[in-house]
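What follows is a single structure, written as structure tokens, with notes after it.
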Amino acid sequence: MSQLAPKNAKKRFPKSRRLLRHADFERVYKKGRRHFATHMTVFYLRREDDEGNAARGSNLRVGFTVRRMLGGAVQRNRMKRRLREAVRLQPMQPQANVDVVINPKPSLLTADFAEVKSEVAKAFQAIQKSISHETGHSQTQ
């Protein structure tokens, strides 16, 4: 079992895939779309190709916001860790330049991790479908 710890310790959620700036969060909230799930609400917004390094295929950036009313620091950090891991473990992620903000609901703390992973996967599928639909319409107009 001790052999697994070093392997897992190197698997992190890289900064290049994180949404970090307040302005980026605000832009997603104000201009983006929403996907509702049992344990979370997912906000997403497609970025234009001219922003930064977005021209290299899929450039998904994910941010997490956990309100103080959801618990103390320990509970909020646990929610963020669970969500980061669920996103990191997703084999299928939107193939577009998209910013995603995930807001957990109180039920996330007690939810089974497999259920959290499933909800994240469904949210990413919905985002991919929506982005593909938008792209299809913009090409025909």
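Per-structure values
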read-out: Scope segment 94-109; condition closer than 24 Å to His22 by Cβ and among the polar types (S, T, N, Q); matching residues; value: Asn97, Asn103
read-out: Asn103, sole failed condition from (1) open to solvent by less than 30 Å² (accessible area, probe 1.4 Å); (2) assigned to a strand (DSSP E or B); value: (1)
read-out: Subset of segment 110-124 (residues that are open to solvent by 40 Å² or more (accessible area, probe 1.4 Å) and either of a type in the set (Lys, Arg) or within 26 Å of His22 (Cα to Cα) (or both)); value: Lys117, Lys122
read-out: Condition met for Arg17 (surrounded by 12 or more Cβ atoms within 10 Å (Cβ to Cβ) and either of a type in the set (Phe, Trp, Tyr) or modelled with pLDDT of 95 or more (or both)); value: no
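The values are calculated or read from the model by the stated rules, or taken from the named source; none is laboratory data. The structure presented is a predicted model; accordingly, all values stated were derived computationally and were not measured. Note that we place each Cβ from the backbone using ideal geometry, even for glycine, and neighbour counts take in every protein chain shown. In case anyone asks, the SASA skips ligands and DNA or RNA and just uses the protein heavy atoms, side chains included. Shrake-Rupley method; radii C 1.70, N 1.55, O 1.52, S 1.80 Å.
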